[in-house]
Amino acid sequence: MTRSTLPARAALAAGVSAIALTASPVYAQGGLDTIIVTAQKREENQQEVPISVETLSGDRFAGIQAAGEDILALSARVPSLYAESSNGRLAPRFYIRGLGNVDFDVAASQPVSIVMDDVVMENVVLKSAPLFDIQQVEVSRGPQGTLFGRNTPAGVVKFTTVKPSDDFDAIAQVAYGTFNTVTAQGGIGGPIIADILSVRLSGLYQRRDDWIDNGVTGEDDVMGGFEELAGRLQVLFTPTEAVSLLLNVHGRDYEGTSALFRANILSPGSSELNGNFKRDTVWYDGGANNPQESDGWGGSAKLDWDLGGVTFTSITGYETASSSSRGDIDGGAFLPGGSFPGFIPFPSDTQDSIDDLDQFTQEIRLASSGDNVLDWQIGFYYFDSDALVSTVGDGFPPLTTLRHQNESWAVFGQGSYDLTDQFTITAGVRYTEDDRDFSAVTLPPLVTVNPTSASDDDFSWDVSALYKVTDGFNIYARVARGFRGPTIQGRDVAFAAFSGSVDPQTVATSETILSYEAGFKSELLDNRVRLNADAYYYTVDDQQFSIIGGAGNINQVVNADKGVGWGFEADAEAALSENFYIGAGFSYNNTEIKDALLATAPCGSGACTVLDPLNGLGQALIDGNPFPNAPELTFNVFAEYTVPFRDHGEFFANTDWAVQGKTNFFLYESAEFQSSGNTEGGLRIGYRAESGAYEAAFFARNILDAENLKGGIDFNNLTGFVNEPRIVGFQLTVRN
């Protein structure tokens, strides 16, 4: 087995990989390309990592992104990965193997960690960072707490951007489509001083015209649009063969439309969209056409210093952001003749915002060279976050501003030992201390909030074994324990106005997960077929759940006694010929809440058909229910066929499809608030020349114009929100 660290110039300067520079799928002449991952904070062959990890190339994601898609486009593109949002293009929520958090609040804690260029994006607004000039996306499934920290019991989604190098390269990509949708992104980089100083400048511009009418005000094309501008500058300084310093500065400015909730688009007893749904029209008497905006910037510094057999690494990161999102939450209007569409008990028009978010992170590591019989790494990590979160309504609720602070530190270590040339054992441990503080800045009348703190410390660990059966077939097994610190949720403070409430905030204690998985990784038929599969089983003690909406329109965190999940995943790709490539992935996830007494208020106004038994208080008993927003299965496929043309070009056609199986939206089960069989597909047909230096393609995203229910609002009526419409357009790419 051969592992490698990132020692100075050779690794960092190699940031522009074949994945980023070629437009064709990830296969080479005569076989599939080797995929390099950093799931263990070393550069390693994906097939030799004892972790269930899957990748998506930057080019593949850029093809999906052509229609103006954001980070949510990753949903179901990797087995067991799901993503959704009830906050538009801000505050996405991620789920891996069924584990996630449905909480829409901008201060919510999530069990899936998003890492951008080695810096964790903890707050949900930071998780919505625009993606451009991406080299590779890695999804590491299962607990990753040993190396990546406390909030990774479900896994990690890791983005790596194209880095500066000693070779000049550039890419420019422009797409135009339906509703005047524009996606323009690019990057240019190269040496300033040969072998010493290089830079890369990258940028993104995305926009879409408003295309949705307001049927109440009579305004045409006033919602559904957005505009995003983002940039990144990276500087790589390599004064010696042993030392490299990578500096990264980035920023964004975004304005658009928040999620569009649509009243009573579901009928009692059915999860199918009814006649109240019209894709290009909503009926709002509030929300000011649902405006949304965000801006922020950040930077990082990564130092690698080869000390001779040991590499010292320091990664310092800083992020700051603000955002706001307003919506007509009831999804309809109150007219002189009554509410429309359908019965709406009361109006709801609120705005949530992050007034000021600051995040600082520091990681220090020492790692062996990666090519020894025994290789190791040890490190220290520090995290500090401070955010002001405000909620205000149009009349109600009154302005409420809360302060959320989180400080955490950890020490960790991991070692891998080659017992033989075929058999490697890896083990790691991390000790984490996590402290949260919550206080009020502006309060509603008669409400009292005492400062609240929650803290805990715990160990995360993992042990794995990988056995190389043959040159192309490895088997592995892994046991891992993860930890997510305590959570404080205070959004109910805003809605406790005039009630004389004291401390409406709720606290959930830490949760821990113990996960078992085993699988194989194979390369077959002279490396023309790659097939990886695994099975897993996990238990979560004191699992944190968010109770959202219901008859009380609440947002609270609770602990269930236990949660259990099991399933299997498979990833396959094949170079069927030099001109035909196909890749596919499948996952089955079975999740179950185990708590005989845990209950939640079901939908308000008796609007939905509750399938759970009720207790004496009319609350739904949720024991045995699946986790919310945990698709039972996902399936994805990508295929490309090329036809050579003359000596330097080829025509191509590729298609990709993603299927999401049965998904329950809330902790309780109902006939209405669920989805099944959501399917979306894309198609690109075009011509590329000079090994991808030039490419022109027609594309269609959501080619069937599928109208898929993505989530619901249950406190008022049978409200839902849906996926993006079909976008058809043209994309042009130029590379050097």
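The values are calculated or read from the model by the stated rules, or taken from the named source; none is laboratory data. Everything quoted here is computed from the prediction, not taken from an experiment. All Cβ positions, glycine included, derive from the backbone under ideal geometry; neighbour counts span all protein chains shown. Calculation scope for accessible area: heavy atoms of the full protein, side chains included, ligands and nucleic acids excluded. Shrake-Rupley method; radii C 1.70, N 1.55, O 1.52, S 1.80 Å.
When Leu683 is tested against the conditions (1) of a type outside the set (Ser, Thr, Tyr); (2) over 20 Å from the mean Cα position of the chain (by Cα); (3) assigned to a loop (DSSP other than H, G, I, E, B), the lone failure is (3).
Residues of the range 546-561 that are open to solvent by 10 Å² or more (accessible area, probe 1.4 Å) and touching a Leu at 6+ places or on another chain (Cβ under 9 Å): Ile547, Ile548, Val558, Asn559, Asp561. Each residue in the range 693-722 was checked for being of a type outside the set (Gly, Ala, Ser), over 14 Å from Gly682 (Cα atoms) and without any contact (Cβ under 8 Å) to a residue 60 or more places away in the chain, and 2 of them qualify.
Yes or no, residue by residue, for (1) open to solvent by 20 Å² or more (accessible area, probe 1.4 Å); (2) over 30 Å from Ser348 (Cα atoms); (3) assigned to a strand (DSSP E or B); (4) aliphatic (A, V, I, L, M):
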residue	(1), (2), (3), (4)
Arg207	yes, no, yes, no
Asp220	yes, no, yes, no
Gln234	no, yes, yes, no
Asn248	no, yes, yes, no
Glu255	yes, no, yes, no
Ser270	yes, no, no, no
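Of the residues that sit in the range 686-705 and are more than 25 Å from Arg726 (Cα to Cα) and not in a strand (DSSP E or B), which one is modelled with the highest pLDDT? So, considering only residues that are more than 25 Å from Arg726 (Cα to Cα) and not in a strand (DSSP E or B), the one modelled with the highest pLDDT is Ala693. Taken over the range 534-548, the residue count meeting the criterion of being over 23 Å from the mean Cα position of the chain (by Cα) and either over 30 Å from Leu466 (Cα atoms) or of a type in the set (A, V, I, L, M) (or both) is 1. In the range 6-13, is there at least one residue being charged (D, E, K, R), assigned to a loop (DSSP other than H, G, I, E, B) and either surrounded by 23 or more Cβ atoms within 10 Å (Cβ to Cβ) or modelled with pLDDT under 95 (or both)? Among the residues of the range 6-13, not one is charged (D, E, K, R), assigned to a loop (DSSP other than H, G, I, E, B) and either surrounded by 23 or more Cβ atoms within 10 Å (Cβ to Cβ) or modelled with pLDDT under 95 (or both), which makes the answer no.
Strands (runs of 3 or more DSSP E) wholly in the range 453-512 with at least 1 residues that are basic (Lys, Arg) and open to solvent by 20 Å² or more (accessible area, probe 1.4 Å) - which ones? Before the answer, list the steps.
Working: elements: 473-484, 487-489, 506-508.
In the range 453-512, the matching strands (runs of 3 or more DSSP E) lie at 473-484.
Inside the range 309-341, residues that are more than 30 Å from Val106 (Cα to Cα), in a loop (DSSP other than H, G, I, E, B) and in contact (Cβ under 8 Å) with a residue 40 or more places away in the chain make up a count of 1.
Scanning the range 572-618 for residues that are polar (S, T, N, Q) and surrounded by fewer than 19 Cβ atoms within 10 Å (Cβ to Cβ) turns up Ser577, Asn579, Asn590, Ser605, Thr609, Asn615.
Restricting attention to the range 434-452, the residues being open to solvent by 60 Å² or more (accessible area, probe 1.4 Å) and out of contact with any Ser or Thr (no Cβ under 6 Å at 6 or more places or on another chain) number 4.
What are the residues in the range 35-61 that are closer than 16 Å to Ala658 by Cα and part of a helix (DSSP H, G or I), if any? Arg60, Phe61, listed by residue number.
Number of residues in the range 357-374 that are in a strand (DSSP E or B), open to solvent by less than 30 Å² (accessible area, probe 1.4 Å) and either among the basic types (Lys, Arg) or under 18 Å from Trp305 (Cβ atoms) (or both): the value is 4. Assess whether Val157 counts as being outside any helix (DSSP H, G or I), under 21 Å from Val37 (Cα atoms) and not polar (S, T, N, Q). Judged against the criteria, Val157 is a match. Picking from residues in the range 626-656 that are more than 28 Å from Asp571 (Cα to Cα) and touching a Phe, Trp or Tyr at 6+ places or on another chain (Cβ under 7 Å), the one that is surrounded by the most Cβ atoms within 10 Å (Cβ to Cβ) is Gly649.
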